[in-house]
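The values are calculated or read from the model by the stated rules, or taken from the named source; none is laboratory data. This is a predicted model, so every value here is computed, not measured. Using ideal geometry, Cβ is built from the backbone for each residue, glycine included, and neighbour counts are taken over all protein chains shown.
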Amino acid sequence: MAASLLKAGVNVGSSQFLGESIAKNVQSPKVSKAHRVCFSVRAGSYAEELVKTAKSVASPGRGILAIDESNATCGKRLDSIGLENNETNRQAYRQLLLTTPGLGEYISGAILFEETLYQSTTDGKKFVDVLREANIMPGIKVDKGLVPLPGSNNESWCQGLDGLASRSAEYYKQGARFAKWRTVVSIPNGPSELAVKEAAWGLARYAAISQDNGLVPIVEPEILLDGDHSIDRTLEVAEKVWSEVFFYLAANNVLFEGILLKPSMVTPGAEHKERASPQQVAEYTLKMLKRRVPPAVPGIMFLSGGQSEVEATLNLNAMNQSPNPWHVSFSYARALQNTCLKTWKGLPENVEAAQKALLLRARANSVAQLGKYSAENEGDEAKTGMFVKGYTY
Ligand code: 13P
């Protein structure tokens, strides 16, 4: 097929063309070339703004602070420092994070959980305004979590498409400008064709709906670290998953210039006998991305997935040793919050020290985004891995 596309003088990498081609094949196979219906990439009235938003999140030396833990997951974080899981404690923790002085120098976007999007500081300032003043784009987790996928090999699928358009319009009104949808793929459980297809289709529908409502979609098919497989097996699965994701993104006429990706790095499974060096992780991950991700996509914002803070920063640094077609940066939750949370311990007198700990990690990852990080002065806590088997977010 590629040869005939080239012969026709068509830009094979364009999502618009793929959309046309799919539309032609699926909807009207008998229509002659001269009369075929042209589908344009979608995102109508918001197209310009989406491109601007995505570029601003993917700006040099900056990345995303992910603090969109559901109430249940946030509860686990609070429990680890002996705090009760209630709205007051969740608000106090998020206030600590979001009001860190100087954060906007290293952080371009913050992903919030719905509760946080509508919360304010104890002085009455909306969190979204705190972020705007710091030049940080507010984002929102819009998926409704994972449930078992019937007919699969014990795999899951991600809920949240029902009512997504109206929820997204409301989030935009409240100040959100980008969205996140996290679905997962398990290597030890398959992955089955069904689970990969479902993950990719869900992400594509979500992406189209988000763009229609002014939100830049972060596309996140997390390939879980669970398993004892080799790095080559992860590469194979990641290539399969991302090819399906881009196929369906194109089929849904998603504007590639107005999305961001949140991939897992390509590493061996957490229980594999060998660990990979940052150079090896970078080599495999970039190989996979270059094979699958068009350069129209402005930013790749990695998740940390249970790596230690230092490991996640070292791997990001290794990926930025030579120029990439896209901005290659971070969208970490655990790998930005761990030392900060442990320093805070829920005590008001520790807030300043905890904010310094967060800023230290944000700065380290900013330097890694520019390819200039060294782990020389890192403490032991930052080197502790955070992998949890079957982790839910
Ligand atoms: P981690 O960096 O902890 O893997 O978080 C992933 C995520 O999806 C947060 O938005």
Residue in the range 108-122 that is within 25 Å of residue 349 (Cα to Cα) and charged (D, E, K, R) present: no
Enumeration of residues in the range 288-309 that are modelled with pLDDT under 95 and away from the ligand (no atom under 11 Å from the Cβ): 308
So residue 339, is it among the β-branched types (Val, Ile, Thr), touching a residue at least 24 places away in the same chain (Cβ under 8 Å) and surrounded by fewer than 17 Cβ atoms within 10 Å (Cβ to Cβ): no
Residue within the range 342-355 that is over 16 Å from residue 76 (Cβ atoms), within 16 Å of the ligand (Cβ to nearest atom) and crowded, with 19+ Cβ neighbours inside 10 Å present: no
Only one of 238, 195, 179 that is under 30 Å from residue 48 (Cβ atoms) and either at pLDDT 95 or above or part of a helix (DSSP H, G or I) (or both): 179
Subset tally (residues that are away from the ligand (no atom under 14 Å from the Cβ) and either on the phi > 0 side of the Ramachandran plot or over 14 Å from the mean Cα position of the chain (by Cα) (or both)) for the range 311-339: 11
Subset of the range 160-186 [within 16 Å of the ligand (Cβ to nearest atom) and either in contact with a Lys or Arg (Cβ under 7 Å, 6 or more places away or on another chain) or among the aromatic types (Phe, Trp, Tyr) (or both)]: 160, 171, 178, 180, 181
Residue among 144, 173 that alone is part of a loop (DSSP other than H, G, I, E, B), basic (Lys, Arg) and surrounded by fewer than 21 Cβ atoms within 10 Å (Cβ to Cβ): 144
Test: residue in the range 369-381 that is crowded, with 19+ Cβ neighbours inside 10 Å and not in a helix (DSSP H, G or I): yes
Residue within the range 210-230 that is assigned to a helix (DSSP H, G or I), touching a residue at least 24 places away in the same chain (Cβ under 8 Å) and touching a Pro at 6+ places or on another chain (Cβ under 9 Å) present: yes
Any pair with Cβ under 6 angstrom, 6 or more apart, that starts in the range 61-75 at a residue that is crowded, with 17+ Cβ neighbours inside 10 Å and modelled with pLDDT of 95 or more and ends at one that is basic (Lys, Arg) and part of a strand (DSSP E or B): 68/141
Some residue of the range 283-306 being touching a helix residue (DSSP H, G or I) at 6+ places or on another chain (Cβ under 6 Å), part of a helix (DSSP H, G or I) and closer than 23 Å to residue 139 by Cα: no
